[in-house]
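Participant: Before anything else, here's the structure in question.
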Amino acid sequence: MYGVLDISTSGMIAQRTRLAAISNNIANRNTLRDPQGNYDPYRRREVMLAPGDPSASSAGGRAMGVHVAEVAIQHHAIRSAERPGSPHDHDGDGYIMVPDINPVFEQVNAMEAVRAYEANAAAAEATKQMVAQALRLLA
């Protein structure tokens, strides 16, 4: 059964995933090499959310909640920066491509994700309290 508590839980999971992507963006904003050591500036990640739960067993459950549709890599999120003497690949004028990640923008997104997570947690707590009260009335 897909209930109200499941809706809040799906929202918390989605926001946790979003916050993890934002944390990776901030942590890698100066990363210029891939894990193999090749020059490949880090690209910003963005979590795309979609309504519903495709893994739910019932049609009603598939229409409720939210899920992570994809974690998109923003391939255009690089910019040129002047670094004349850099050992990295650069054009003839001393410019190299670096990640275009604005830490202020990422911090605002993180605050929004945390607030959405807190709202879902509050909704889950209110649901639990209503169910407990209903059970007390039935007893």
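The values are calculated or read from the model by the stated rules, or taken from the named source; none is laboratory data. On a predicted model such as this, the values are computed, not experimentally measured, just so you know. We place every Cβ from the backbone using ideal geometry, glycine too, and count neighbours over all the protein chains shown. Please note that ligands, DNA and RNA were not included when accessible areas were found on the heavy atoms of the full protein model with its side chains. Shrake-Rupley method; radii C 1.70, N 1.55, O 1.52, S 1.80 Å.
Participant: Find the eigenvalues of the gyration tensor of the Cα atoms of segment 42-134, then list the square roots of 5 times those eigenvalues as equivalent ellipsoid semi-axes, largest first, in whole angstrom. Walk me through the intermediate numbers first.
Facilitator: Working: eigenvalues 391, 59, 10 Å².
Result for segment 42-134: semi-axes of 44, 17, 7 Å.
Participant: Between Arg83 and Arg115, what's the calculated FRET efficiency when r is the beta-carbon distance and R0 is 41 Å? Round to 0.05. Mind showing how you got there, number by number?
Facilitator: Values: r = 37 Å, r/R0 = 0.91.
The formula returns an efficiency of 0.65 here.
Participant: Kindly rank 109-118, 129-138 from highest to lowest mean number of other beta carbons found within 10 Å of each residue.
Facilitator: On the way: 109-118: 15.8, 129-138: 9.4.
Packing order, densest peptide first, comes out as 109-118, 129-138.
Participant: What is the helix-to-structure angle for 103-138, meaning the angle in degrees between its Cα long axis and the longest Cα principal axis of the chain, kept from 0 to 90 and rounded to the nearest 10?
Facilitator: 10
Participant: Arranged from highest to lowest average of other beta-carbon atoms within 10 Å per residue, in what order do the peptides 74-83, 18-27 appear? Show your work: numbers first, answer last.
Facilitator: Working: 74-83: 13.1, 18-27: 18.2.
Highest mean packing first, the order is 18-27, 74-83.
Participant: What does a probe at Val4 reach in segment 32-57, counting residues whose amide N is under 20 Å from the point 7 Å along Cα→Cβ?
Facilitator: Only 52-53 pass the distance filter.
Participant: For the chain, what is the calculated [θ] at 222 nm in deg cm²/dmol (nearest 500), taking -39500 (n - 2.57) for each run of four or more DSSP H residues and dividing by its residue count?
Facilitator: Numbers: 3 runs with 64 residues, N = 139.
Result for the chain, helices only: -16000 deg cm²/dmol.
Participant: How much net charge surrounds Ala116 when only the other residues with a Cβ under 13 Å from the Cβ of Ala116 are counted, with Lys and Arg +1 and Asp and Glu -1? Write down the numbers at each step before the final one.
Facilitator: Details: positive: Arg16, Arg18, Arg115; negative: Glu112, Glu118.
With Lys, Arg at +1 and Asp, Glu at -1, the net is +1.
Participant: Would you mind getting me the FRET efficiency between Asp40 and Thr17? Use the beta-carbon distance for r and R0 = 25 Å, nearest 0.05. Can you show the working numbers first?
Facilitator: Details: r = 24 Å, r/R0 = 0.95.
The value I calculate is 0.60.
Participant: Order the peptides 45-56, 28-39 from the highest to the lowest mean number of other Cβ atoms within 10 Å of their residues. Mind showing how you got there, number by number?
Facilitator: Values: 45-56: 14.5, 28-39: 11.8.
Highest to lowest by the protection proxy: 45-56, 28-39.
Participant: Now for a separate question. How many nm separate the modelled label positions at Ala50 and Asn30, each set 7 Å beyond the Cα in the direction of the Cβ?
Facilitator: About 3.8 nm, to one decimal.
Participant: Also, I was wondering about something else. Order the following by accessible area, largest value first: Ile73, Ile101. Probe radius 1.4 Å; ligands, DNA and RNA are ignored.
Facilitator: Working: Ile73 70, Ile101 20 Å².
My answer, sorted largest first, is Ile73, Ile101.
Participant: I would also like to ask the following. Just going by the charge dipole of the chain, with Lys and Arg at +1 and Asp and Glu at -1 on Cβ, which of Gln129, Pro35, Met12 is farthest out on the positive end?
Facilitator: With unit charges placed on the Cβ atoms, the residue in question is Gln129.
Participant: Lys and Arg at +1, Asp and Glu at -1: add these up for the other residues within a Cβ distance under 13 Å of Ala69 and post the number. Kindly include the intermediate steps, with their values, before the conclusion.
Facilitator: Details: positive: Arg18; negative: Glu46, Asp53, Glu70.
My count for the surroundings of Ala69 gives -2.
Participant: Same structure again: Size of the dipole of the chain about the Cα centre, Lys and Arg at +1 and Asp and Glu at -1 on the beta carbon, nothing else charged, in debye to 20? All intermediate terms of the calculation are to be shown ahead of the outcome.
Facilitator: On the way: 13 positive and 15 negative charges, 109 e Å.
Value, rounded to 20: 520 debye.
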